[in-house]
Amino acid sequence: MNKTRNVLKYRSVALYFLFSSIIALFLGSLTNSLVLTIMGSTLLIIYILISLVFWRCPFCKKRLPMRFNIKNVDEVICPYCNANLLYNEEKKQP
């Protein structure tokens with residue numbers, strides 16, 4: 001498996017932790033459950049750590065934005081070197 005696919009795999013795992021933390025925190029606040037609130041906070045911290053460590057462009061090694069664009073999920077382009085991570089295409093410099 002190439003580096004680009006690994007980066008996208010880590011991103012999908014991180015997003016799973018983010019959405020799970022939102023659900024756990026919401027349910028924890030509704031039910032006043034300390035266990036769900038702690039679990040949701042832990043999942044949120046795991047999301048942040050995975051994003052900070054692994055969410056980097058495999059070409060220029062700079063950190064990618066943590067924003068999640070629901071309209072353009074399939075297209076992941078590095079804002080620094082314009083590499084397309086989905087298709088493993090590095091932008092050629094003129």
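The values are calculated or read from the model by the stated rules, or taken from the named source; none is laboratory data. Nothing here was measured: the structure is a model prediction, and the numbers come from that model. Here the Cβ is made from the backbone with ideal geometry for all residues, glycine too, and neighbour counts use every protein chain on show. All accessible areas refer to the heavy atoms of the entire protein, side chains included, with ligands and DNA or RNA removed. Shrake-Rupley method; radii C 1.70, N 1.55, O 1.52, S 1.80 Å.
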Per-region count, region 74-84, residues open to solvent by less than 80 Å² (accessible area, probe 1.4 Å) and modelled with pLDDT under 65: 1
Just give me the residues in region 1-18 being open to solvent by less than 70 Å² (accessible area, probe 1.4 Å) and more than 24 Å from Ala83 (Cα to Cα), in sequence order. Phe17, Leu18
Any residue in region 39-57 that is among the basic types (Lys, Arg) and modelled with pLDDT of 85 or more? yes
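How many residues are closer than 17 Å to Trp55 by Cβ and open to solvent by less than 30 Å² (accessible area, probe 1.4 Å) when one looks only at region 19-38? I'd like the intermediate steps shown before the answer.
Restricting attention to region 19-38, the residues satisfying the condition of being closer than 17 Å to Trp55 by Cβ are 19, 21.
Checking which are open to solvent by less than 30 Å² (accessible area, probe 1.4 Å) leaves us with 21.
The qualifying residues number 1.
From the set of residues in region 53-70 that are in a helix (DSSP H, G or I) and without any contact (Cβ under 8 Å) to a residue 12 or more places away in the chain, which is surrounded by the fewest Cβ atoms within 10 Å (Cβ to Cβ)? Steps first, please.
Within region 53-70, the subset in a helix (DSSP H, G or I) is 53-54, 70.
Cutting the leftovers down to without any contact (Cβ under 8 Å) to a residue 12 or more places away in the chain gives us 53, 70.
Values: Val53: 11, Ile70: 5.
Once the filter is applied, the top-ranked residue is Ile70.
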